[in-house]
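Asks: Would you mind keeping the following structure in view while I ask a few things?
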Amino acid sequence: MKRIEIEDLLQYRFLSHLETSEDGRNCVFVVSNADVKENSYQSYLYLYRDGKIRQLTSLGKESSYMFNGNDELWIFTSRNKDEAARAEAHKQFTPVYRMDLSGGEAIKSFELPIRVSRVKKIDDDLLLISAFTDKLHPDYHSLSEKKRSETDQAYQNDKDYETFNEVPFYFNGMGYTRNMRSSLFLYHMGSGKLQKITEDLFDVGTFDLLDGKIYYAGNSFSAIRSRDDEIRSYDLKTGKTKKVLPARYSIYSLIAFAGKIIVLANRHLKHGLNENAVLFSLDPKERSLKEYCMKDRTYGNSSGSDCRYGHGRSFKVSKDRLYFLTTVGYRSVLSCFDTNGKEHLLYEAEGSIDDFDVIGDRIVLNMIGASSLQELYLLEEGKVRKISDLNYSVLKNRYVALPEKITVHSGRYDIDGWILRPKDYDPKKKYPAVLDIHGGPKTVYGEIFYHEMQVWAGKGYFVFFCNPFGSDGRGSAFADMRGRYGTTDYKNIMDFTDEVLKRYPCIDPKRVCVTGGSYGGFMTNWIVGHTDRFVAAATQRSISNWISFIGTSDIGLDFTKDQCAADLKNPEKLWKHSPLKYVERVKTPILFIHSDEDYRCPLEQGLQYYSAITDRGIETRMVVFHGENHELSRSGKPLHRIRRLKEITSWFDRHTVK
């Protein structure tokens, strides 16, 4: 049996964006894979119908689409050289192609003079569209061709400069936001009229339709975007906008269900930013929210993996049910509400439910398991059966290490974790090991296929990982890290490490490495400043200095004040939780991995720590990836992901060879 190699990542297929037709006959989804020649990804549309799966598109650029009726798709993508050139020049437009599911090529139907992010069909003539707009040019969509060209040229002339007048000024994965807003439009198919219905400074986060009204949440700002959102309504008959709810909550989703607007919202009153959001129902007349479901849990899937590309959903309304995903412990759970608000458990996955949709009386799931990559499954009467084999061949005859669960009591908590045994494991031999720490911190590890971990297990490493204090899936109090970074979480991870070494004496304690990204990068930096028990470390997209992080990260202001329970009025507290403070204690060789377009944990965070380590004469190396952001390990360019994993693996190999 062969081991999993680093380059096998290039053969994986990533499934995402499930959508079913209203009649339940057709289920469309996106399949993406690496394109080594272009160092990018190809994305295609596939169809599941009548028990069979077939590929619909072949261009390799189709990932954004919607159903128009039961048997036709609208595809939102540039499909020719002219459109590609215009997109490259940052011109604001979205072409819309239609494709008949019975066969044939996609045909261009119309084009919108805005950059569309989401479309919802109101009726056969009217579309509700969210699109990105520039507050400095809010009327771009209504300009003449000449005026649009002049505006585009002015943008090109100014592209080498950035002028900031608001915060955030950039956002990870989006770059410099340049006064960007998410706006709502109505598009009249017959006349081609495009009508903007939100004010120029208003930034829309979520929206839905109910009883002839558009409900949307967000806030209007000119300098600093508040984390508290208001809810407004737009009456399709009168064209009037009303403020329905003042800005008191962070609002994540508005969902029209059973004659109500269900609101996923949070006031962060008890546990700060990591407090779980809860479900309310909106009372427009009283301008208030009423309790709908107040359970202390996470909505959505927060389990980590480096074998995904694309997006999935957390909520879906179908007929008389509101379906939703939650993260319970380290598992994904699918449940639903009926029209009376009663909750029904549908399926608890051993691995991860990455996406789902309803197809007739059945539910289609996109899942990843402990020993398998993403595939589609049908859930019927509480049982699942696999309906795709898109990733079967790449793992055939490969050694896949199965996670062995370990629960360790640490302080006040029982900490869940796992180990992966190395290929050809022999209890009489001694092995190196890797401690892998997840990001977040409010995410979870679970019994899910992780490419990097399987590579290390295949090369002869034990791999172990856990969910310390601050992780998701165990309620708001467990996730409440405010002012406690590097304390309880550090103890949990070290206690877990001690227990792993105790239970598996075949691990050589002098050849244990540590790595992690984002929060895991912070903790890697923290660990090497508080113990020299690890032979080597690889810190990725990390935090080293909260004092500079507060002003340079795209989430720096809110996140730092909340997580550290301090701001620049109390720099001593920020410095106390900064790994850079403890750099004089570091003895461990460190590899730094960072990206120059990472605006979540900016490059300067890695540079500060790297420079300090170099100044101390500690063995180190730093690799900076140009054009990559915070998502390098998950959705970075394929060859960059390969290089990243090779750098980390060779660093560990160098320091663990006897």
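Asks: Which of (1) of a type outside the set (Ser, Thr, Tyr); (2) within 26 Å of Ala479 (Cα to Cα); (3) touching a strand residue (DSSP E or B) at 6+ places or on another chain (Cβ under 8 Å) does His271 not meet, given it meets every other one?
Replies: (3)
Asks: Of the conditions (1) farther than 30 Å from Gly470 by Cβ; (2) in contact with a Ser or Thr (Cβ under 8 Å, 6 or more places away or on another chain), Asn276 satisfies every one except a single condition; which number is it?
Replies: Condition not satisfied by Asn276: (1).
Asks: Anything in the range 22-54 that is surrounded by 15 or more Cβ atoms within 10 Å (Cβ to Cβ) and free of Cβ contacts under 8 Å to residues at least 24 places away in the same chain? List them, or say none.
Replies: Result: Asn33, Gln42, Tyr44, Tyr46.
Asks: While we're here: Among all residue pairs at least 6 apart or on different chains, which show Cβ distances below 7 Å where the first residue, located in the range 232-256, is closer than 21 Å to Lys316 by Cα and not assigned by TED's automatic domain parsing to the domain that holds Phe559 and the second is at pLDDT below 95 and among the basic types (Lys, Arg)?
Replies: If the second residue must be at pLDDT below 95 and among the basic types (Lys, Arg), the pairs left are Ser250/Arg227.
Asks: Also, I was wondering about something else. Quick one: in the range 232-254, which of the residues that are out of contact with any Lys or Arg (no Cβ under 8 Å at 6 or more places or on another chain) and either closer than 19 Å to Ser130 by Cα or basic (Lys, Arg) (or both) is surrounded by the fewest Cβ atoms within 10 Å (Cβ to Cβ)? Don't jump to the end; show me each part of the working.
Replies: Taking the range 232-254 first, the residues out of contact with any Lys or Arg (no Cβ under 8 Å at 6 or more places or on another chain) are 237-240, 247, 251-254.
Keeping just the survivors that are either closer than 19 Å to Ser130 by Cα or basic (Lys, Arg) (or both) gives 237, 239-240, 251-254.
Working: Lys237: 7, Gly239: 10, Lys240: 10, Ile251: 26, Tyr252: 17, Ser253: 20, Leu254: 23.
Top of the filtered list is Lys237.
Asks: Could we say that Met481 is closer than 22 Å to Tyr445 by Cα, hydrophobic (A, V, I, L, M, F, W, C) and part of a loop (DSSP other than H, G, I, E, B) here?
Replies: Yes, satisfied.
Asks: A further question on this structure: For the range 240-289, give me each residue that is within 27 Å of Thr339 (Cα to Cα), in a strand (DSSP E or B) and small (Gly, Ala, Ser).
Replies: Ser250, Ser253, Ala256, Ala265, Ser281, Ser288
Asks: For the range 225-241, indicate whether the set of residues that are under 25 Å from the mean Cα position of the chain (by Cα) and aromatic (Phe, Trp, Tyr) is non-empty.
Replies: Checked against the condition, which is being under 25 Å from the mean Cα position of the chain (by Cα) and aromatic (Phe, Trp, Tyr), the range 225-241 yields no hits at all.
Asks: With the requirement that a residue be farther than 26 Å from Arg585 by Cβ, basic (Lys, Arg) and in a loop (DSSP other than H, G, I, E, B), what does the range 614-655 give you?
Replies: Lys637
Asks: Another question, then. Do any strands (runs of 3 or more DSSP E) lying entirely in the range 141-216 carry at least 1 residues that are closer than 29 Å to Ala265 by Cβ and among the hydroxyl-bearing types (Ser, Thr, Tyr), and which ones are they?
Replies: 180-188, 202-210
Asks: Further question on the same structure: If you take the residues in the range 100-140 that are aliphatic (A, V, I, L, M) and part of a loop (DSSP other than H, G, I, E, B), which one is nearest to Phe202 (Cα to Cα)? I'd like the intermediate steps shown before the answer.
Replies: Pass one, the range 100-140, residues aliphatic (A, V, I, L, M): 101, 106-107, 112, 114, 116, 119, 122, 126-129, 131, 136.
Now drop any that are not part of a loop (DSSP other than H, G, I, E, B), which leaves 101, 106, 114, 122, 136.
Working: Leu101: 38, Ala106: 35, Ile114: 16, Ile122: 22, Leu136: 13 Å.
Applying the filter and picking the extreme gives Leu136.
Asks: Now for a different question. What number of residues in the range 39-87 are assigned to a loop (DSSP other than H, G, I, E, B), farther than 20 Å from Tyr377 by Cα and over 24 Å from the mean Cα position of the chain (by Cα)?
Replies: 10
Asks: Looking at the range 277-302, which of its residues are small (Gly, Ala, Ser) and in contact with a Leu (Cβ under 6 Å, 6 or more places away or on another chain)?
Replies: Ala277, Gly300
Asks: Let me confirm something: among Lys213, Lys270, which residue is of a type in the set (D, E, K, R) and in contact (Cβ under 8 Å) with a residue 40 or more places away in the chain? First the steps, then the outcome.
Replies: Numbers: Lys213 fails: in contact (Cβ under 8 Å) with a residue 40 or more places away in the chain.
Going through Lys213, Lys270 in turn, just one is of a type in the set (D, E, K, R) and in contact (Cβ under 8 Å) with a residue 40 or more places away in the chain: Lys270.
Asks: Shifting gears a bit: Going by the structure shown, is Arg308 surrounded by 17 or more Cβ atoms within 10 Å (Cβ to Cβ), on the phi < 0 side of the Ramachandran plot and touching a strand residue (DSSP E or B) at 6+ places or on another chain (Cβ under 9 Å)?
Replies: The answer is yes for Arg308.
Asks: Determine if the range 93-102 includes at least one residue that is touching a Phe, Trp or Tyr at 6+ places or on another chain (Cβ under 9 Å), under 17 Å from Gly69 (Cα atoms), charged (D, E, K, R) and modelled with pLDDT of 90 or more.
Replies: Within the range 93-102, one or more residues are touching a Phe, Trp or Tyr at 6+ places or on another chain (Cβ under 9 Å), under 17 Å from Gly69 (Cα atoms), charged (D, E, K, R) and modelled with pLDDT of 90 or more.
Asks: Could you check the range 385-443 and list, in sequence order, the residues that are under 30 Å from Arg49 (Cα atoms), among the hydroxyl-bearing types (Ser, Thr, Tyr) and surrounded by fewer than 19 Cβ atoms within 10 Å (Cβ to Cβ)?
Replies: Tyr392, Ser393
Asks: Restricting attention to the range 498-528, report how many residues are surrounded by fewer than 22 Cβ atoms within 10 Å (Cβ to Cβ) and over 22 Å from Lys459 (Cβ atoms).
Replies: The total comes to 3.
Asks: What residue, among those in the range 100-139 that are crowded, with 18+ Cβ neighbours inside 10 Å and of a type in the set (Ser, Thr, Tyr), is farthest from Tyr46 (Cα to Cα)?
Replies: Applying the filter and picking the extreme gives Thr133.
The values are calculated or read from the model by the stated rules, or taken from the named source; none is laboratory data. Predicted model only: the values in this text are computed from it and were never measured. Reconstructed Cβ throughout: ideal geometry from the backbone, glycine too, with neighbour counts over all protein chains shown.
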